[in-house]
Amino acid sequence: MSELSPAKKQTDTVSTASSHTLLEGRLGYQLETALLVRALTHRSFAYENGGLPTNERLEFLGDSVLGLVVTDTLYRIHPDLPEGQLAKLRAAVVNSRALAEVGRGLQLGSFIRLGRGEEGTGGRDKASILADTLEAVIGAVYLDQGLDAASELVHRLFDPLIEKSSNLGAGLDWKTSLQELTAAEALGVPEYLVTESGPDHEKTFTAAARVGGVSYGTGTGRSKKEAEQQAAESAWRSIRASADAREAAAKSGAESGAESGTDAGTGAVSGADEPAAAGAPLGDGDGAAAAVDAAPASDAAPADQAPADQAPADPASAEAPTS
C-alpha cells in the first residue's frame, strides 16, 4: 500500500475532525478524540490496518449502560407490571433493530470506520454494525462524561421508543403473539417461508406466515428476522380481525335474541290487559258496576212486582194457620 503524502494525511485529519464535530453536535457531547475514534472503529477496519483497537470493549460497556437506564426507567414508570412483562418491554427497546433505527436517525453509518470488505457489502447500513457502534458511543460517553451524561443521552435517544413500547401490546414480539393467538383460536402452529433476493451486499428478505397451510400475512426486511416479524404482525392483525368480527356477530345475535324475547313478553302482557269485548279496559270493581249498569231495565222486575208471566198467588188457597 502506497504511503500517503503529508498533504493527503492533513486533509484526511481535517475531514475526520470535522465529521467528529458533526457527530458530537448530534450527540450533544464533546468527547475525547481518541475515545470517540475507538468507538467508531469496526473490527474490519482494525484488522485491515495492523490490528488497531476496536470498539468491541466500548460496545460491551455501552450495552450495560443502555440496559441499566432503560430497565430503571421501565421499572419506575410501570410500578404494577410483573417481571416478565417488564422484560418484554425492555427487549422491545434494547434490540439490534431498534438500536439500528436510532443509529440511522443520527446518520451514524457515515462516521463508522469500516474495512473495505464491509464497505463493499453495505456495512454502513447493516443493523448489527449500527447497533454495536451506537452502544460503543454510549460507552464512550459514559467513560468520558459519567453516568448522568450517558443516562441523559439514552433518555434523549430512547424515550420515544420506551413510550412506544408501552403501547405496543402484542407488538412487543409479533411472532410470540401470533403463536399465542393461533393457539387460542385452535388454528395450529405458525410457520414461515422465507425467500431472498438482491446482491449479497443488499439482500432483501421476504417472509410469508402460514398457519394450517393458509398464508395470513407477508413481510419484507433487511434480515430474515425482520421479515418474519413483519409477516407475523400482518398475520396477527388478519386473524385478530376475523376473531373480533366473529365475536361482534355473536354478541349482536345474542342482543337481538334478547330483544325479540322482550318484545314477545311485552306483547303477551298487552294482550292480557285487553278486554274481550270492545270498550275501555275495566278494573275489578268497575266491571261489576258496569255489568249492572249495562243490564236493560226491562230484564229486571222490581222487588215488589211479580213477573208478568207468573200469576199472583191466591190468598184463599193459602193454608190457614192452625190454632
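The values are calculated or read from the model by the stated rules, or taken from the named source; none is laboratory data. Source: prediction; values computed, not measured. As a convention, Cβ positions derive from the backbone with ideal geometry for all residues, glycine included, and neighbour counts pool all protein chains shown. Side chains included, ligands, DNA and RNA excluded: accessible areas come from the protein's heavy atoms. Shrake-Rupley method; radii C 1.70, N 1.55, O 1.52, S 1.80 Å.
Could you work out what % of the accessible surface of segment 81-132 is carbon and sulfur, using a 1.4 angstrom probe and leaving DNA, RNA and ligands out of the count? Mind showing how you got there, number by number?
Values: 1250 of 2420 Å².
In segment 81-132, the share of accessible area belonging to carbon and sulfur is 52 percent.
Given R0 = 22 Å, the distance between the Cβ atoms of ARG116 and ARG26 translates into a calculated FRET efficiency of 0.25. Can you pull the percent of segment 138-263's accessible area that's carbon plus sulfur, 1.4 Å probe, other chains left in place? Here it works out to 49 percent.
Can you tell me the accessible area per residue over segment 12-167, all protein chains present, probe 1.4 angstrom, in square angstrom? Provide the component values of the computation, followed by the final result.
Working: 7940 Å² over 156 residues.
I get 51 Å² per residue for segment 12-167.
Any of LYS203/LYS224; LYS88/LYS175; LYS203/LYS225; LYS175/LYS203; LYS126/LYS164; LYS88/LYS203 with alpha carbons more than 20 Å apart? Name them for me. Checking Cα-Cα distances, LYS175/LYS203; LYS126/LYS164; LYS88/LYS203 exceed 20 Å.
In this rough spin-label picture, where each label sits 7 Å from Cα along the Cβ direction, the TYR75-GLN107 distance is 3.8 nm.
Solvent-accessible surface (1.4 Å probe) assigned to LYS88 amounts to roughly 90 Å². What the Cα convex hull of segment 130-226 gives, in volume per residue, is 126 Å³. The GluC sites (Glu not before Pro) of segment 168-225 meeting both criteria, a DSSP state outside H, G, I, E and B (loop) and at most 14 other C-beta atoms within 10 angstrom of the site's C-beta, are GLU185. The stretch between GLU152 and GLU185 holds 7.4 nm of extra length on full extension. This uses 0.36 nm per residue minus the Cα-Cα distance. Distant-in-sequence amide contacts of SER223, defined by a placed amide H-H separation under 5 Å and a gap of 5 or more residues or a different chain, comprise PHE205.
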